[in-house]
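Some notes on the structure that comes next.
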Amino acid sequence: MSVPPFGYDKIEIVGDKGFTLQPNENAKTIEIIYKWYIEGDGSTVIAKKLDSMKISPRHGGMWSKATITDILKNPVYMGMVRWGYKKEKKTYVDGVLKKTRTKNSDDYIFVKGIHPAIISEEDFNKAQIKRQQNTHQCTTPHNELKNPLAGLIYCQKCGGLMSRMGSNKKNKYDNIYCPNRYCDNVAAPVFMIEKAIISVLSDRLRDFKVEVDFTINNEREQAIKNSVLDDLSRSHNVIEKQISQTYDLLEQQLYTADLFKQRNQELQQRKEEIEKAIEKINSEEKSKVDQKYYVEEFIPQIKDVVSLYFNIPTVQGKNDVLKTILKRLYIIKKKPIQGGMSLMKTSK
Ligand SMILES: [Zn+2]
């Protein structure tokens, strides 16, 4: 600890080799910074207030937001000291287990120091809660979505949701990989999958175009269908009349009981056949209504995605747009030697 934290002086421990901290006249400034912050002032406001009160930071000049934030998160002010330790980290490098000691500066714990606190533990914790709330309010780059395919890509081999791995020394691009370590699906660059999705979608559009053209060309077929439907319902009426006639004829004793039964059965059977035929045509109509939804709503959505996707400026925006038309996308990537990646199936 070469430079003591603002608000403390470094003093020698009498009769020992070590040093400890003693609050100095700046401890009052520390107190006031915490007080204001807990009361609701932001770091920038506090910096301005201190400047206007002619209270200077350690090296003079103006207060900065960062300096205030550093003070607000330093547990030394509640009497704690940072005690660094190096965590053992196991990694596999080329299939060989390697144990490394991390040099990550986050690997430390706080222990009670021997120096006097300036801020109570309670106030320090209040300030930490405030800090968390404040960081969550504004979208920091840390919270920004980094994977445009988040929540969409599933592994064709094991069915699991695939994750993004940021680019690193080994991988030039962000990759989508299967986090299931027992699965051997090969990772694929995010940009490659994006391209594949858009190309699959535009292929889909071509299919739809064929269907739409087909529908339009079949207006004549529709007219025929309508006249068939008319005929069927007319026949249906006639048969119903005939059925009721069989009862009249039976009543008038022009039909014997056997003849009535036979005639009635024949007519009921024909009636059912006609009803089935009508039902069949009507269900075809229903599927046309579904197709109408595709033509009028779903296809324009896909068209928008295909033409706009690569112009969407934010990753979040890309992800939102993809989610409007896709639910799950299963991918499998063939080994580079065989080349290519195939998008197996999409589902809405
Ligand atoms: Zn998998």
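Observations on the structure shown:
- Residue check for LYS49: over 30 Å from ILE11 (Cα atoms) and at pLDDT 90 or above: yes
- Count - residues of region 259-297 that are touching a residue at least 12 places away in the same chain (Cβ under 8 Å) and either closer than 12 Å to GLU240 by Cα or within 34 Å of the chain's Cα centre (by Cα) (or both): 11
- All positions within region 56-68 that are buried (at least 19 other Cβ atoms within 10 Å of the Cβ) and closer than 18 Å to ILE129 by Cα: ILE68
- Close Cβ contacts (under 7 Å, 6 or more residues apart or on different chains) running from residues in region 239-255 that are under 14 Å from LYS271 (Cβ atoms) to residues that are in a loop (DSSP other than H, G, I, E, B) and modelled with pLDDT under 85 comprise THR246/TYR255.
- Of the numbered criteria (1) closer than 26 Å to GLN133 by Cα; (2) at pLDDT 75 or above, the one ARG82 fails is (2).
- Residue match in region 191-210 (condition: within 16 Å of the ligand (Cβ to nearest atom), farther than 30 Å from LYS280 by Cβ and modelled with pLDDT of 90 or more): yes
- Matching residues, region 174-204, being among the hydroxyl-bearing types (Ser, Thr, Tyr), surrounded by 14 or more Cβ atoms within 10 Å (Cβ to Cβ) and not assigned by TED's automatic domain parsing to the domain that holds VAL306: TYR177
- Candidates are the residues of region 147-164 that are at pLDDT below 90 and touching a Gly at 6+ places or on another chain (Cβ under 9 Å); the one that is surrounded by the most Cβ atoms within 10 Å (Cβ to Cβ) is TYR154.
- Selection count, region 145-183, where residues are hydroxyl-bearing (Ser, Thr, Tyr), away from the ligand (no atom under 11 Å from the Cβ) and over 19 Å from ILE197 (Cβ atoms): 1
The values are calculated or read from the model by the stated rules, or taken from the named source; none is laboratory data. Everything numeric here is computed off the predicted structure, so don't read it as measured data. Please note: Cβ atoms are built from the backbone with ideal geometry, for glycine as well, and neighbour counts cover all protein chains shown.
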